[in-house]
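K.L.:
Submitted below is the structure of interest, expressed as structure tokens.
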Amino acid sequence: MRPFDDTPMEDEDYGDVALQIAAVREWPREEFTRELDARVQQRFAAPPARAASGRRMFPARLPRWAAGPAVAVVAGGVAAVVVLTGGAPGQLNLTGRQKLPVLAQHAAQNGLATFAPKSEPSPTPRASASVNAPGAAGGTAATSKTAANPAVSALAPVTLAGRQIQSAQISLTASNQRVSQVASEVMGVVSAEHGSVRDSHITQAASNAGGSYATLSLSIPTPNLQDAMTQLSRLRYASVSSRTDASQNVSNQYNNDRRQLADARALRSSLLKQLQSAYTQAAIDSIKAQLKLAEQQITSWENTLSSLQHRIGYSTVEVQINASFPVPVPIDHSSTFTLARAGHDALRVLVVSAGVALIGLAAAVPAGLVAALLVWLWVWLRQRRREHALDTSE
Amino acid sequence: MTKRIALRSTGVRLGLATGGEQVTDQSWERFEALYRSSRDDLYAYVLTLLRDRAAAEDVTALAFERAYRRRRTFDRHRGEERGWLFGIARNAALDELRRRRRTATLLVDPEDVSDAELVNDNDEDLIVRRATVREALNALAPRDRELIALKFHAGLTNTELAAVLGVSESNVGTMLHRAVQKLRRAVNAPV
């Protein structure tokens with residue numbers, strides 16, 4: 001019995017049993033008690049051999065209760081590294097984008113083009129001047145398309161092998177008073193590049209509240225198209241809000257038209273030879289009729305081919321000039337310190353830190369729960385094995 | 001027997017060990033007091049589980065060493081230090097049982113000093129009585145035997161027993177009552 005044990009026997013009188021158990025109680029050997037007393041006095045100092053062999057790589061063993069949080073911390077660290085290195089699913093990082101094929105990059109850029117700033121012209125122009133020039137206004141189906149925002153200074157068009165019809169579209173933004181001036185600059189560029197203005201529509205608003213806009217349809221020699229687009233992107237009083245380059249491969253159509261023209265010419269040559277050897281009036285009339293049809297076909301194919309060559313040789317450029325609304329000029333406070341700015345910056349840092357912590361927590365909490373569950377399961381299994389050992393110790 | 005129990009009463013409860021002393025390492029003082037008050041009880045309890053003197057000595061030393069290493073992790077709010085120590089000893093003993101993978105056999109006492117003294121006193125009745133109690137104890141199931149040892153060797157309260165065994169306090173009372181009844185029946189059974 002424990003000395004000074006004032007604990008009652010829990011409503012049972014076990015005094016007789018206590019005496020019986022005490023009578024058969026085993027006591028430790030004196031030699032063992034002396035050794036154990038000495039070890040306790042030495043505070044369980046490790047024997048030299050054990051101390052030498054028991055050197056650990058780590059300074060101390062983690063307590064078991066810290067296993068779950070430790071695993072959670074490691075998992076959180078991994079998650080933070082993954083997040084900070086841009087490994088989030090669905091996000092197209094720069095490295096991955098560089099590895100994409102060229103056409104896929106352009107597809108991605110098309111997706112980004114929807115975020116390019118757009119400004120619609122005012123529906124109520126106060127004064128207008130229109131210059132119309134006759135010409136084919138054939139639209140082209142773009143086989144490749146690129147878009148640019150003001151951050152993109154030069155846009156490399158997709159060049160395909162063979163005959164191509166190229167077109168471009170550019171949206172410029174200028175101040176309300178300078179829309180017409182920018183339109184004049186556009187025409188100057190067209191003149192410098194030996195092109196022509198097929199259609200233009202310029203609206204100049206009287207007030208400063210906006211509403212001025214202009215649309216121009218240009219025809220530029222294809223070899224000069226890139227130069228013209230570069231100059232249009234660098235106009236003095238305008239900035240590029242969006243730009244689209246398109247090209248269509250018409251090699252098959254061109255070759256087909258040429259083949260048809262050659263066939264028609266061969267037919268006419270053949271008919272001419274037949275006409276030389278014809279003797280009857282009926283045969284001569286028939287051959288002449290066929291010759292007439294052949295010449296009509298030749299003329300038709302020549303026109304078609306000429307038109308196609310013109311479209312290949314001259315690219316269509318659609319220019320849209322929109323007036324920008326007056327923007328208040330921001331005051332540069334970068335060099336001045338204010339409490340409001342400091343508070344704003346501190347709040348921003350806190351928000352970003354909280355966001356990072358939240359993301360890390362989102363990954364760490366499930367991992368920690370799983371780790372805690374595994375630890376608990378391990379402890380439970382170990383205790384169960386211990387109890388089983390007791391049960392089988394009969 | 002009464003004399004031996006009286007001698008053991010020189011041990012002190014852990015909570016009283018450091019009273020009035022200038023303590024430099026309070027945890028060490030508390031551990032030392034715990035060791036002094038529990039050494040023999042712990043050995044008796046472990047021997048009851050293992051029924052092997054050598055193994056009981058090893059496990060007893062191991063339990064005290066573990067308790068010493070973990071003395072700063074002890075949380076008084078979760079129970080008394082004595083219960084905590086016997087929990088450590090229990091786990092160590094069960095690990096030993098599991099490690100050996102064999103059933104420990106009850107050692108035949110090589111020397112029983114008290115019995116020898118009694119023989120000198122010609123008290124054969126007591127010798128027979130002790131043998132009867134030993135046989136009755138060995139006939140108990142391991143869990144009942146452990147419960148008896150924890151209650152009467154270690155002197156744990158039912159609350160401490162519940163903490164060590166991982167069962168409820170009321171369940172401990174019931175189990176203890178049944179174990180004692182079995183022991184009484186075995187002791188009083190006709191030969």
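K.L.:
Residue A:52 - would you say it is under 60 Å from the mean Cα position of the chain (by Cα), open to solvent by 50 Å² or more (accessible area, probe 1.4 Å), modelled with pLDDT under 85 and among the small types (Gly, Ala, Ser)?
P.N.:
yes
K.L.:
Considering only the stretch B:142-157, how many residues are facing another protein chain (nearest Cβ under 10 Å), buried (at least 21 other Cβ atoms within 10 Å of the Cβ) and touching a Leu at 6+ places or on another chain (Cβ under 9 Å)?
P.N.:
Of the residues in the stretch B:142-157, 8 are facing another protein chain (nearest Cβ under 10 Å), buried (at least 21 other Cβ atoms within 10 Å of the Cβ) and touching a Leu at 6+ places or on another chain (Cβ under 9 Å).
K.L.:
Can you find, within the stretch B:158-169, the residue that is farthest from residue A:389 (Cα to Cα) among those that are open to solvent by less than 50 Å² (accessible area, probe 1.4 Å) and either among the basic types (Lys, Arg) or more than 8 Å from chain A (Cβ to nearest Cβ) (or both)?
P.N.:
Going through the qualifying residues, I end up with B:160.
K.L.:
Sticking with this structure for a sec: Which residue out of A:154, A:168, A:209 is under 18 Å from residue A:238 (Cα atoms), at pLDDT 80 or above and outside any helix (DSSP H, G or I)?
P.N.:
Every option except A:168 fails the conditions.
K.L.:
Could you tell me which residue of the stretch A:274-290 is nearest to residue A:250 (Cα to Cα), considering only residues that are open to solvent by 60 Å² or more (accessible area, probe 1.4 Å) and assigned to a helix (DSSP H, G or I)?
P.N.:
Ranking the qualifying residues of the stretch A:274-290, first place goes to A:290.
K.L.:
Starting from residues that are over 18 Å from residue B:188 (Cβ atoms) and within 7 Å of another protein chain (Cβ to nearest Cβ), keep the ones in the stretch A:23-32 and report whichever is surrounded by the fewest Cβ atoms within 10 Å (Cβ to Cβ).
P.N.:
Applying the filter and picking the extreme gives A:27.
K.L.:
Pick out the one residue from A:261, A:293, A:271, A:308 that is open to solvent by 50 Å² or more (accessible area, probe 1.4 Å), modelled with pLDDT of 90 or more, assigned to a helix (DSSP H, G or I) and out of contact with any His (no Cβ under 6 Å at 6 or more places or on another chain).
P.N.:
Within the list A:261, A:293, A:271, A:308, the selection yields A:293.
K.L.:
Helices (runs of 4 or more DSSP H) wholly in the stretch B:1-100 with at least 3 residues that are open to solvent by less than 10 Å² (accessible area, probe 1.4 Å) and either at pLDDT 80 or above or more than 10 Å from chain A (Cβ to nearest Cβ) (or both) - which ones?
P.N.:
B:26-50, B:53-69, B:81-100
K.L.:
Mind checking whether some residue in the stretch B:128-137 is in contact with a helix residue (DSSP H, G or I) (Cβ under 7 Å, 6 or more places away or on another chain), at the interface with another protein chain (Cβ under 10 Å from one of its Cβ atoms) and over 17 Å from residue A:16 (Cβ atoms)?
P.N.:
No, the stretch B:128-137 contains no residue that is in contact with a helix residue (DSSP H, G or I) (Cβ under 7 Å, 6 or more places away or on another chain), at the interface with another protein chain (Cβ under 10 Å from one of its Cβ atoms) and over 17 Å from residue A:16 (Cβ atoms).
K.L.:
Within the stretch B:178-188, is there a residue that is closer than 18 Å to residue B:90 by Cα and open to solvent by 50 Å² or more (accessible area, probe 1.4 Å)?
P.N.:
For the stretch B:178-188, residues closer than 18 Å to residue B:90 by Cα and open to solvent by 50 Å² or more (accessible area, probe 1.4 Å): absent.
The values are calculated or read from the model by the stated rules, or taken from the named source; none is laboratory data. Keep in mind that what you see is a predicted model, and the values were worked out from it rather than measured. All Cβ positions, even for glycine, are placed from backbone atoms using ideal geometry, and neighbour counts span all protein chains on display. In case anyone asks, the SASA skips ligands and DNA or RNA and just uses the protein heavy atoms, side chains included. Shrake-Rupley method; radii C 1.70, N 1.55, O 1.52, S 1.80 Å.
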